[in-house]
Amino acid sequence: MMEKKELRIIYMGTPEFAVESLRELVENGYNVVGVVTMPDKPMGKHQSVLQSSPVKKYAESKGISVLQPEKLKDEQFLSGLKDLKADLQIVVAFRMLPEVVWDMPRYGTFNLHASLLPQYRGAAPINWAIINGEKETGVTTFFLTHEIDTGLIICQKRLPIADTDDVSIVHDRLMQIGARLVRETVDLILSGDVEAVSQEQFYSDESELRPAPKIFKDICRIDWNQPLKKIYDFVRGLSPYPAAWTELAFPDGNKQALKIFKAEKLPAEHQLPVGTIVSDNKKHLDVAVRDGYLRLLSIQLAGKKRMDIADFLNGFKQMEHNIVI
């Protein structure tokens, strides 16, 4: 059995979610010989300031070599990758890799995915699990293959989703348990005890699978004709980013986009048209839906900062004639 200090690991990732797994490896003595992350991102009004990814910042703080390819098939990048002589590659929140990259190490390349595969394959698994009202999610490690998120499953860990959890809460919990799962997966590979299984063992028909495609702005618009529970789950499944939104229609005919970050569901029978606003103009702003009210708690009007509902109502004293559409 190879020792963990002998196993040469290349780690690939970009956002904050990927930092925790890298930290788990580095701080427990695993031999991370290089990191691959996205190129620095232009920021600022004139796009003149380059911002490093969270993974790059952490890697540089630990003196780890960093590669930032524009294209993953670039010969110079591939040459630099080969020079690092990795035995194993680990991918957490990165880009889709070409075969020439993921097939390079002798122990292959495994990915940490923020769902219980085969469910929620795709770019936004945490969002869609909450939007769909799931009571459980988790993390999965699997070996990369040609089709995205379809490789042999190595390990999984489960996480309950509370009815009040939003994406930020579930993201942070999955980040922590995912880091431990990455470490456990490396240990399994080191021991030679990996028994990776096909994802097809988890379903009998592809119609049973729930996808997790990338989320765009038009997807985030609230359909107020949905049941209260579905609207509530939709809001928390998009909070804090990119945020569910609607349009607030004022009596004078003006409309303004309104993001909703936090809400509460109030089941009730009523005769009001869907979208009607009911407010005490002090602390409460409720939107009528067909089986109750969605009470808005934290919102952001276009061009304004995020605020709680009491601060919002302080600037809009008469809300009872307004509707959302």
Exercise. Using only alpha carbon pairs under 8 Å that are at least six residues apart, calculate the relative contact order of segment 217-324 and give it in whole percent.
Key: 27 percent
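Expected output is a single nm value to one decimal: the length gained when fully extending between GLU269 and ILE148, i.e. 0.36 nm times separation in residues minus the C-alpha distance. What is it?
Values: separation 121, 0.36 × 121 = 43.56 nm, distance 4.54 nm.
Contour length minus Cα-Cα distance gives 39.0 nm.
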Quiz item: Taking segment 130-159, which GluC sites (Glu not before Pro) meet the DSSP loop condition and have no more than 14 other C-beta atoms within 10 Å?
Solution: GLU147
Exercise. Could you work out the relative contact order of the chain, using alpha carbon pairs under 8 angstrom and six or more residues apart, expressed as a whole percent?
Key: 13 percent
Quiz prompt | Whole-Å distance, taken between Cα centres, linking segment 1-58 and segment 225-304 | solution = 39 Å
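Using DSSP to define loop residues, name the chymotrypsin sites (Phe, Trp or Tyr not before Pro) in segment 210-287 whose beta-carbon has at most 13 other beta-carbon atoms within 10 Å.
Listed in order of number, the matching sites are PHE216.
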Practice problem: Just subtract the alpha-carbon distance of LYS230 and ASP218 from 0.36 nm times their residue separation and send over the number in nm, one decimal. | Solution: 2.6 nm
Self-check item: Cα gyration tensor, segment 119-163 - rounded (a/c under 1.5), prolate or oblate
Solution: oblate
Self-check item: Long pairs among LYS265/LYS304; LYS230/LYS255; LYS135/LYS282; LYS4/LYS82; LYS229/LYS255; LYS5/LYS71, criterion Cα-Cα beyond 32 Å
Solution: LYS135/LYS282
Exercise. Principal axes first, then extents: for the Cα atoms of the chain, list largest minus smallest coordinate on each axis, whole Å, largest first.
Key: 70, 52, 31
Quiz prompt | Nitroxide proxy distance, nm - points 7 Å out along Cα→Cβ at TYR241 and LYS283 | solution = 3.3 nm
Quiz item: Is any helix in the chain, taking whole DSSP H runs, at least 27 angstrom long along its axis by alpha carbon and on average at least 0.0 on the Kyte-Doolittle scale, and which ones?
Solution: 167-191
Practice problem: Please report Rg over Rh for segment 19-124, where both radii come from the alpha carbon positions and Rh follows the Kirkwood definition. | Solution: 0.97
Quiz prompt | segment 249-325: GluC sites (Glu not before Pro) in DSSP coil with no more than 14 other Cβ atoms inside 10 Å | solution = GLU269, GLU320
Quiz prompt | Whole-angstrom gap from segment 141-180 to segment 74-97, using each part's C-alpha centre | solution = 22 Å
Exercise. Find how much the distance from LYS73 to GLU206 grows on full extension, using 0.36 nm per residue of separation minus their present alpha carbon separation; answer in nm with one decimal.
Key: 44.7 nm
Self-check item: Cα-only Debye scattering, segment 217-324: base-10 log of I(q)/I(0) at q = 0.10, 0.17, 0.20, 0.24 Å⁻¹
Solution: -0.24, -0.73, -1.05, -1.57
Quiz item: PHE316 to LYS5: FRET efficiency via 1/(1 + (r/R0)^6), r the Cβ-Cβ distance, R0 45 Å, to the nearest 0.05?
Solution: 0.15
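Rule-based calculations on the coordinates, nothing more; no lab input. As the structure is a computational prediction, the values presented were derived from the model and not from experiment. Neighbour counts are summed over all protein chains in view; Cβ atoms, including those assigned to glycine, are modelled from backbone coordinates with ideal geometry.
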